[in-house]
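S.K.: I'd like to ask some things about the structure below.
What follows is calculated from the coordinates using simple rules that are stated; it is not laboratory data. This one's a predicted model, so the numbers in the text were calculated from it and none came from an experiment. Note that each Cβ is placed from the backbone with ideal geometry, even for glycine, and that neighbours are counted across all protein chains shown.
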Amino acid sequence: MSDDMPPNNERALFGGFCIRRGGVNVPDVIEEKYELIDGKEVMLSAASISHLNIQGNLYHILKNYLKGKRCKVFSEARVVFENKNWFQPDLIVVCDKNKIKDTYIDGAPDFVAEVLSPTTQLRDFGIKKDTYEKFGVREYWIISPKEETIAVYLLKDGKYRIDHVYHKYTEEEWRWLTDEEKAEQSLALKISLYDDLEIDIRDVFEDE
């Protein structure tokens, strides 16, 4: 830091957002994010660093795998299901190019992943899950940063069925599992859209 810039000379005031740098106030424009849920606008609060880290890890895994393929992955794209419900899921995969518009996705994606936060988990397990089921999202992941788990729901006969709950085990936790318990667990996730894509759950929660 230069001599003419004291520590309190660089600050951010959120709301009426203003950055002060070198004695000059520089206004920034923040685009507020919101979803329309059951006809009501719901503001989206800023995600935690762990949330963003998980979201970014999974996005890059899917982006690299889908390169050159028909399906596309998007992060926080607006998805319009109907007039009263349009969401911005953390991650989606869309295989029908006709659904991809300039500023939104028109209709259900093939895959959705939501990363839980204290302010969104009720909706993620509730109206969002119900809407994804109703409009035919084939696979839905609910990711818990706190528990380091991924719950996978698959659409079968028009209803979601829990397929598996994956857990990122520490070495100590894994060591204490019985052989039978280890046989029931898996550290590799698969997306039902592809037979040859396996994702190590440790890569999803990697924070380095």
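S.K.: Could you tell me, in Å, what Rg and Dmax come out for the Cα atoms of region 33-204?
M.R.: 16.2, 52
S.K.: What whole number of Å gives the distance from the Cα centroid of region 34-67 to the Cα centroid of region 124-149?
M.R.: First find each Cα centre; the distance between them is then 12 Å.
S.K.: What are the residues whose amide H is under 5 Å from the amide H of HIS164, where those residues sit 5 or more places off or on another chain and H is modelled from the backbone?
M.R.: It is VAL152, by chain and number.
S.K.: Using square roots of five times the C-alpha gyration tensor eigenvalues, list the equivalent-ellipsoid semi-axes of region 160-201 in whole Å, biggest first.
M.R.: Working: eigenvalues 99, 29, 16 Å².
Taking √(5λ) for each Cα gyration eigenvalue gives 22, 12, 9 Å.
S.K.: Given a cut-off of under 8 Å on Cα pairs at least six residues apart, what relative contact order in percent is computed for region 94-175? Intermediate results must be reported in sequence, preceding the final value.
M.R.: Numbers: 109 pairs, mean separation 17.9, N = 82.
With pairs under 8 Å counted, the relative contact order is 22 percent.
S.K.: Still on this structure, please answer the following. Which whole-number value in Å³ per residue fits the convex hull of the alpha carbons of region 85-178? Mind showing how you got there, number by number?
M.R.: Values: hull volume 11.7 nm³, N = 94.
In region 85-178, the Cα convex hull volume per residue is 124 Å³.
S.K.: With Cβ to Cβ distances under 15 Å as the rule, what net charge do the other residues near GLY158 carry (K, R +1; D, E -1)?
M.R.: Details: positive: LYS129, LYS134, ARG138, LYS156, LYS159, ARG161; negative: ASP130, GLU133, GLU139, ASP157.
In short, +2.
S.K.: For region 111-208, give me the percentage of DSSP beta bridges that are antiparallel, rounded to the nearest 5 percent.
M.R.: Numbers: 17 of 22 bridges.
Roughly 75 percent of the beta bridges in region 111-208 run antiparallel, per DSSP.
S.K.: While we're here: Among all the lysines, which ones have a C-alpha under 16 Å from LYS72's C-alpha, if same-chain residues fewer than 8 places away are not counted?
M.R.: Of all the lysines, those that pass the test against LYS72 - Cα under 16 Å, at least 8 places apart if same chain - are LYS63, LYS97, LYS99, LYS101.
S.K.: Tell me which lysines have Cα within less than 17 Å of LYS168's Cα, excluding those fewer than 8 residues away on the same chain?
M.R.: LYS146, LYS182, LYS190
S.K.: Below 8 Å, C-alpha to C-alpha, sequence gap of six or more: please give me the relative contact order for region 33-204 in percent.
M.R.: Details: 279 pairs, mean separation 25.7, N = 172.
Reported as a whole number, the value is 15 percent.
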